[in-house]
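Scroll down for the structure; my scribbles are underneath it.
The values are calculated or read from the model by the stated rules, or taken from the named source; none is laboratory data. Predicted model only: the values in this text are computed from it and were never measured. Counting neighbours? That spans all protein chains shown, and the Cβs are built from the backbone with ideal geometry, glycine included.
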Amino acid sequence: MDSKKNNFIKQDRKPNKLINNMFRKIFGAGMSFYNEIVINEILNENNYDFLSHPRLIEANFEDNKLIFNEIKGVNLKKEKFDRFKQKKLIKSLIELQFSDVNMEKLKRKLILFVQKRQNPMFRTLKNLLKFTLRSKELLLSLKLLIILFSLTLKQKRLKDTILIHNDLAYNNIMINEHDHIYIIDYENAVIERKWILHDIIWISLKKYGLNLDGKFINQYLHYLGNFCENKILSKLNIKAQFRMILIKRSLRTIVKKKDLEDEHYQFLVNILSNNDKFTQWFNKLDIKANEGV
């Protein structure tokens, strides 16, 4: 291990819950641990012009450790996040999302079972259940459930396989002295065919705030349109994408903070659960690529 002292070591410390423990018995590792290994295999099989990522050197199943090569850089949140870095991050993110994925290989590795539990809609429903049990607000929860069902119908399933990070925050983005963007920590990454604006909306939100950087999102949509010749954009219901992902974010924050009075709760009750008010709120963002709305 001395020769690897400068490498980045990540350890899976998640508790051995029933399903996760069964998964360990079969595959020798927890689900998120195994998912990160497979996603890194996908990344290593692709060539990127802008995206950089840590290289997995060793997976230690006995100690539940993943050893990556060292990245000499800092978290992007510690740097001044100017428009130049935004462009590089957007191009890196789009390259990540359109990685070439061997679906047959994933099926053989049974990773799709793991990914269904990490799917954005599954996680939203899971947190909705936690919210319901904690708040006892059955009518609000039922209303949100109906809204989520309607959003699922509005956003049609895409034929393309899009790889989303699923937890893209500034502490998962690093930049080195040469301004190379590194996106790290892929334990929650999933193959997604619906909610592909998840990452850009997630990174555009403050940690616990609800202020969105509309210019940043418009810039992403512009590059996405150029990258796929608008074939993807024309199939996106952007308004539905925003509403679903913001419901996910709000529920997750409320459950995590255990606070039913914070701004996310108010936003959930007053905006996200009201069709007219959400439409008014969304229109103020001035999102340019509205083909799918």
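The figures follow:
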| item | result |
| --- | --- |
| Test: residue in segment 9-24 that is modelled with pLDDT of 55 or more, on the phi > 0 side of the Ramachandran plot and surrounded by 13 or more Cβ atoms within 10 Å (Cβ to Cβ) | no |
| For ARG243: the one exception among (1) modelled with pLDDT of 95 or more; (2) of a type in the set (D, E, K, R); (3) surrounded by fewer than 20 Cβ atoms within 10 Å (Cβ to Cβ) | (3) |
| Whichever residue in segment 148-164 is out of contact with any helix residue (DSSP H, G or I) (no Cβ under 7 Å at 6 or more places or on another chain) and farther than 28 Å from LEU89 by Cβ and, among such residues, is surrounded by the most Cβ atoms within 10 Å (Cβ to Cβ) | SER150 |
| Single condition ASN226 does not satisfy, out of (1) touching a residue at least 12 places away in the same chain (Cβ under 8 Å); (2) assigned to a helix (DSSP H, G or I); (3) among the polar types (S, T, N, Q) | (1) |
| Segment 108-123 - residue that is in a helix (DSSP H, G or I) and modelled with pLDDT of 75 or more and, of those, surrounded by the fewest Cβ atoms within 10 Å (Cβ to Cβ) | PHE122 |
| Of residues in segment 128-182 being touching a His at 6+ places or on another chain (Cβ under 9 Å) and polar (S, T, N, Q), the one modelled with the lowest pLDDT | ASN172 |
| Qualifying residue in segment 75-96 (condition: at pLDDT 60 or above and more than 26 Å from ASP213 (Cα to Cα)) | no |
